[in-house]
Amino acid sequence: MTTTVAVVGSTGSIGTQTLEVVAARPERYRVTVLAAGSKLDELVAQAETVRPDVVALADQSRLDELRDRLPAGVEVVGGPSALADVATIADVTVNGVVGFAGLPVTLACLGAGRRLALANKESLIAAGPVVQRARTTQGAELLPVDSEHAAIHQCLRSSGRDRSVHRLQLTASGGPFRGWTAAQLEAVTVEAALEHPTWSMGPKITVDSSTLMNKGLEVIEANELFGRPAGSLGYGIDIDDIEVVVHPQSIVHSMVTFDDGSTIAQLSHPDMRLPIAYCLAHPDRSDVAYGRIDWTELGRLDFEPPDRASFPCLDLAYEAGRVGGTAPAWLSAANEVAVAGFLEGRISWSAIAGVIEAAMGHHDGAPADSLDAVLDGDARARAHAEEALC
């Protein structure tokens, strides 16, 4: 039986790698939906290769051009809600949209009772309680694409129904600036921040990795996925039971330690196609190998604590996770503004954390009890972060 796949954010890193996974097993998967924000040329090229049923473009101003360039018979959907509109069509939707813009895709897919392969961590971080409600929809299933959370999912799955989880360990490469002095960090350039030592990712996520904010956001995401006592994946732990460990080789993607002292880890060479394939094939496993290790050549595995003084974004994320409510939404929004400011040359790399902290100082403790509350928090945090950029 062929599984239909919607790739939302198809022109980004996760989207293009999803298409590679599908192409490796065309008899098992069929891409029926391609969706992107604005990269029309790339989207058209993908459609010519994949031949989907539906193509969506959020940039409404270029819809006529898109229609003229697509193969005959392909339906075109456009406008601000287009990405969410097409997230309900296929058996599995891969949400590879970057940033807060991916939230409507997450809610639409889960609300339609579909499987969501989630690479958009901001959905769970900014709107965790809202997403949790959507996850209760009959048929809805959320599987994490992030390599760390996919690793934890696999480790927990290997333990069956055992709920005696003591700690979760999220591994971090340490980014390109691991071990740098304060003086070196003051002089970080955009080009240097975009040179990740092990992963190939988009600019925003790569900068987040360099500040360790990416890891902090993943801590909040892990708490939403696995920490809540309610729900099928709840393991009764809280955010302070989730530990970050720097592992520069990026071979161990994360670990779970149980009450009896045993630790289960998932290991592979860095390759995002592995967690993507895991999400598409679940509950089976992919029969195409990605990141397979030759144990005779592996060498060494190193682990160390993160340098929290040099990378304060990590503690900012922990604090937002402890506060809860709309605090993670504020954190995510302020970080997006700060990173954009750095990429645009408006602030230095070392000023990113200060912009976020300044915006978070205005957080009013509001609960994330509705989508409107989350949207309001996001907008207010962006405004305060913009003020801090000036």
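For the range 231-241, check the following and say yes or no: at least one residue is touching a residue at least 12 places away in the same chain (Cβ under 8 Å), farther than 20 Å from Ala119 by Cα, hydrophobic (A, V, I, L, M, F, W, C) and part of a helix (DSSP H, G or I).
yes
Of everything in the range 44-60, what is surrounded by 17 or more Cβ atoms within 10 Å (Cβ to Cβ) and among the charged types (D, E, K, R)? Give them in sequence order.
Asp53, Asp59
Surrounded by fewer than 16 Cβ atoms within 10 Å (Cβ to Cβ), in contact with a Leu (Cβ under 9 Å, 6 or more places away or on another chain) and either outside any loop (DSSP other than H, G, I, E, B) or among the basic types (Lys, Arg) (or both): is that true of Glu357 in this structure?
Answer is no for this residue.
Across the range 270-311, what is the number of residues that are within 19 Å of Ile14 (Cα to Cα) and of a type in the set (A, V, I, L, M, F, W, C)?
Selection size over the range 270-311: 9.
Here are some conditions: (1) on the phi < 0 side of the Ramachandran plot; (2) in a loop (DSSP other than H, G, I, E, B); (3) touching a Lys or Arg at 6+ places or on another chain (Cβ under 8 Å). Phe177 meets all but one. Which one does it not meet?
Checking Phe177 against (1) on the phi < 0 side of the Ramachandran plot; (2) in a loop (DSSP other than H, G, I, E, B); (3) touching a Lys or Arg at 6+ places or on another chain (Cβ under 8 Å), the one that fails is (3).
Within the range 24-43, track down each residue that is among the aliphatic types (A, V, I, L, M) and surrounded by fewer than 20 Cβ atoms within 10 Å (Cβ to Cβ).
Ala24, Leu40
Restricting to the range 5-33, name every residue that is β-branched (Val, Ile, Thr) and within 15 Å of Ala47 (Cα to Cα).
Val5, Val7, Val8, Thr11, Thr16, Thr18, Val22, Val31, Thr32, Val33
Looking only at residues that are out of contact with any Pro (no Cβ under 6 Å at 6 or more places or on another chain) and in a strand (DSSP E or B) in the range 34-48, which one is nearest to Pro71 (Cα to Cα)?
Checking each candidate, the answer is Ala35.
Quick one: Leu267 ticks every box in (1) at pLDDT 95 or above; (2) crowded, with 24+ Cβ neighbours inside 10 Å bar one, so which box is it?
Condition not satisfied by Leu267: (2).
Has the range 289-309 got any residue that is modelled with pLDDT under 95, surrounded by fewer than 20 Cβ atoms within 10 Å (Cβ to Cβ), farther than 26 Å from Glu191 by Cα and among the β-branched types (Val, Ile, Thr)?
yes
Please work out which one of (1) surrounded by fewer than 20 Cβ atoms within 10 Å (Cβ to Cβ); (2) assigned to a strand (DSSP E or B); (3) of a type outside the set (Gly, Ala, Ser) is the condition Val7 fails and give its number.
Unmet for Val7, out of (1) surrounded by fewer than 20 Cβ atoms within 10 Å (Cβ to Cβ); (2) assigned to a strand (DSSP E or B); (3) of a type outside the set (Gly, Ala, Ser): (1).
Could you please find all residues in the range 283-330 being in contact with a helix residue (DSSP H, G or I) (Cβ under 9 Å, 6 or more places away or on another chain), of a type outside the set (D, E, K, R), over 19 Å from Asp240 (Cα atoms) and outside any helix (DSSP H, G or I)?
Pro283, Ser286, Val288, Ala289, Tyr290, Gly291, Ser310 - these are the residues of the range 283-330 that are in contact with a helix residue (DSSP H, G or I) (Cβ under 9 Å, 6 or more places away or on another chain), of a type outside the set (D, E, K, R), over 19 Å from Asp240 (Cα atoms) and outside any helix (DSSP H, G or I).
For the range 183-192, check the following and say yes or no: at least one residue is at positive phi, modelled with pLDDT under 90 and not basic (Lys, Arg).
The answer is no, given that none of the residues of the range 183-192 is at positive phi, modelled with pLDDT under 90 and not basic (Lys, Arg).
Scan the range 20-43 and tell me whether some residue there is out of contact with any strand residue (DSSP E or B) (no Cβ under 7 Å at 6 or more places or on another chain), under 20 Å from Leu118 (Cβ atoms) and either of a type in the set (Val, Ile, Thr) or modelled with pLDDT of 95 or more (or both).
Yes, because at least one residue in the range 20-43 is out of contact with any strand residue (DSSP E or B) (no Cβ under 7 Å at 6 or more places or on another chain), under 20 Å from Leu118 (Cβ atoms) and either of a type in the set (Val, Ile, Thr) or modelled with pLDDT of 95 or more (or both).
Taking Gly321 and the conditions (1) within 22 Å of Gly202 (Cβ to Cβ); (2) under 19 Å from the mean Cα position of the chain (by Cα), which numbered condition does it fall short on, given that it satisfies the others?
(1)
Which of the residues that make up the range 62-100 are among the basic types (Lys, Arg), out of contact with any Ser or Thr (no Cβ under 8 Å at 6 or more places or on another chain) and in contact (Cβ under 8 Å) with a residue 24 or more places away in the chain?
Scanning the range 62-100 gives a single hit, Arg69.
Glu122 versus (1) surrounded by 20 or more Cβ atoms within 10 Å (Cβ to Cβ); (2) more than 17 Å from Met255 (Cα to Cα); (3) at pLDDT 90 or above: which is the lone unmet condition?
In the conditions (1) surrounded by 20 or more Cβ atoms within 10 Å (Cβ to Cβ); (2) more than 17 Å from Met255 (Cα to Cα); (3) at pLDDT 90 or above, Glu122 misses (3) alone.
State which residue is nearest to Ala309 (Cα to Cα) when the search covers only the range 348-390 and only residues that are within 21 Å of the chain's Cα centre (by Cα) and of a type in the set (D, E, K, R).
Among those residues, the one meeting the criterion is Arg382.
How about the range 108-149: which of its residues are assigned to a helix (DSSP H, G or I) and either more than 21 Å from Gly324 (Cα to Cα) or without any contact (Cβ under 8 Å) to a residue 24 or more places away in the chain (or both)?
Hits for the range 108-149 are Ala108, Cys109, Leu110, Gly111, Arg133, Ser147, Glu148.
Pick from Val97, Val77, Val86, Val105: which is of a type in the set (A, V, I, L, M, F, W, C), assigned to a strand (DSSP E or B) and buried (at least 17 other Cβ atoms within 10 Å of the Cβ)?
The unique qualifying residue is Val77.
The values are calculated or read from the model by the stated rules, or taken from the named source; none is laboratory data. For clarity, every value in this text was computed on a predicted model and none was experimentally measured. Note that each Cβ is placed from the backbone with ideal geometry, even for glycine, and that neighbours are counted across all protein chains shown.
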